[in-house]
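First comes the structure, then the notes that go with it.
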Amino acid sequence: MDLNLLSLPGDGIGPEVTLEAERVLSAVAARFGHCVKIERGLIGAAALEAGYDPLPPATCAAAKAADAVLLGAVGLPGYDLHPPARRPEKGLLELRSALGVFANLRPVKAYASLVQASPLKEERVAGTDLLILRELTGGLYFGEPRGITQGRAVNTMVYTEPEIERAARLAFTLAMGRRRRVTSVDKANVLENSQLWRQVVDRVAKDYPEVTLNHLLVDNAAMQLVLEPAAFDVLLTENLFGDILSDEAAVIAGSIGLLGSASLGERRKDGRLPGLYEPIHGSAPAIAGKGLANPLGAIASMAMMLDWSFGLTEEAACVEESIGWLLDHGSLTPDLGGKATTREVGEALCARIGVLAGTAR
Ligand code: IPM
Ligand code: MG
């Protein structure tokens, strides 16, 4: 199979973790007989520094033309006070919007070998296997009007019924393949947006009678997530709540550096599924270029790409199994208490994939 990717390494540790994801992808492709073609593009501060907008038009066009997009991270502290349109993050938000990737899937698992790496008590974390479905192209991130004028700042939280419905449908569909529980997060005691969210989710739930639905207010959800993470299956949230809760959920796994994500759009008429794959962590400029970054989040995102964009479930499982093996057998980066470099983790995985696929054949 031909896998045509656009790789957007971005800023900070983005390039080094993306490079390892690309190498591991090459290892999988070599073993399973696929042909990977990778085009590279600029986004975020890397684009700004080259004199372009945070999402250069060429990057946007290449992203739409590719079968899937791999992204490292965007953002550098030097841009903190720049106007929103000239901030690195703007590039990522525009890309999500241009690709129409409305559903961000962020799986969080407690690996048995890492439960002691989590700051939470082992008995709370053990057995956690949840999936955050974060709505990604609506809400406060994109609502108009927005801006700062004369000492007054405005942001607008907007959701339409169809936007809520498509995210909810996907959450229920995914729950059907899991433990059949959806927890929908909102702030319906205060926000009209959340009242509509709850109504639409309740309506969609009627089409999935085998799935148990419950609603949690976001403040309570934040608390339950650390009190009883193993009780969650699919956690459905709007954009900003999902951003916040997914960083919180990362402490369950032991390190945010482990977590990958898939951002998916609606299937196009030609049958293609828009997909953007990025680790949950940020650009971590303080450790960039030092070989300290954990590439597993980027590699896990790449595995999700194999699965979602290419339907290569065996290949995706091979990468996931290798990550599990690596976590059991050492070669961890400092965020997980190890001494391995970014490159060494990538190399160990490539070697393991060679072994795995070799024995499978
Ligand atoms: C994330 C990030 C982004 C977001 C930033 C970089 C714009 O925090 O993907 O979680 O807020 O969506
Ligand atoms: Mg975030």
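Remark on Leu235: its backbone amide H falls under 5 Å from those of Leu131, Ile132, Leu133, Thr183, a criterion applied only to residues 5 or more positions apart or on other chains, H modelled at 1.01 Å from N.
Here the Karplus curve 6.51 cos²θ - 1.76 cosθ + 1.60, taken at θ = phi - 60°, turns the phi angles of the stretch 137-154 into couplings of 10, x, x, 4, 5, 10, x, 10, x, 8, x, 10, 9, 6, x, 10, 10, 10 Hz, with x standing for Gly and Pro. Would you mind classifying the chain by shape? Square roots of the alpha carbon gyration tensor eigenvalues, ordered a ≥ b ≥ c; an a/c under 1.5 is rounded, otherwise it is prolate if a/b is larger than b/c and oblate if not. Cα axes put the chain in the rounded bin. Greater than 18 Å separation of Cα atoms is the criterion. Which listed pairs, Lys90/Lys290; Lys121/Lys339; Lys290/Lys339, meet it? Lys90/Lys290; Lys121/Lys339, as the Cα separations exceed 18 Å there.
Can you give me the C-alpha center-to-center distance between the stretch 332-357 and the stretch 46-66, rounded to a whole angstrom? Centre-to-centre distance over Cα atoms comes out at 31 Å.
The residues of the stretch 1-83 present an accessible area of 40 Å² per residue when probed at 1.4 Å with all protein chains retained. Charge dipole (Cα centre; +1 on Lys/Arg Cβ, -1 on Asp/Glu Cβ; no other charges) of the chain amounts to roughly 280 debye. DSSP beta bridges confined to the chain are antiparallel in about 40 percent of cases. Ligands, DNA and RNA aside, Cys350 has an accessible area near 40 Å² when probed at 1.4 Å. Charge tally around Lys187: other residues with Cβ under 13 Å, Lys/Arg +1 each, Asp/Glu -1 each, net -3. In the context of the full protein assembly, Leu296 retains an accessible surface of approximately 0 Å², using a probe radius of 1.4 Å and ignoring ligands and nucleic acids. For the stretch 334-351, 3J(HN,Hα) computed residue by residue from phi via the Karplus equation (6.51, -1.76, 1.60; θ = phi - 60°) reads x, 4, 10, x, x, 10, 6, 8, 3, 4, 4, 5, x, 5, 4, 5, 4, 4 Hz, glycine and proline entered as x.
Using a 1.4 Å probe on the protein chains only, how many percent of the accessible area of the chain belongs to carbon and sulfur? Carbon-and-sulfur percentage of accessible area, whole number: 55.
Ligands, DNA and RNA excluded, the heavy atoms of Tyr208 present near 40 Å² of accessible surface to a 1.4 Å solvent probe.
Residue by residue, the stretch 274-289 carries 3J(HN,Hα) couplings of x, x, 10, 10, 8, x, 6, 5, x, 7, 6, x, 4, 10, 5, x Hz when phi is fed to the Karplus relation 6.51 cos²θ - 1.76 cosθ + 1.60 (θ = phi - 60°); x denotes Gly or Pro. Per residue, the stretch 110-261 exposes 45 Å² of solvent-accessible protein surface, assessed with a 1.4 angstrom probe and all protein chains in place.
Debye-formula intensities of the stretch 110-261, expressed as log10 I(q)/I(0) at q = 0.08, 0.11, 0.20 Å⁻¹, are -0.24, -0.45, -1.22 (one equal scatterer per alpha-carbon, no solvent). What you get for the stretch 110-261, charging only the Cβ of Lys and Arg (+1) and of Asp and Glu (-1), is a dipole of about 100 debye around the Cα centre.
Between the residues Pro88, Leu259, Ala98, the greatest Cα displacement towards the positive end of the dipole of the chain, with unit charges on the Cβ of Lys, Arg, Asp and Glu, is found for Ala98.
Of all the options Leu174, Leu264, Leu236, the one that moves most in a Gaussian network model of the chain with Cα springs shorter than 10 angstrom is Leu174.
The values are calculated or read from the model by the stated rules, or taken from the named source; none is laboratory data. Fair warning: this is a prediction, and the values are worked out from it, not measured in the lab. Note: ideal-geometry Cβ built from the backbone for every residue, glycine included; neighbour counts use all protein chains shown. For accessibility, only protein heavy atoms count, side chains too; no ligands or nucleic acids. Shrake-Rupley method; radii C 1.70, N 1.55, O 1.52, S 1.80 Å.
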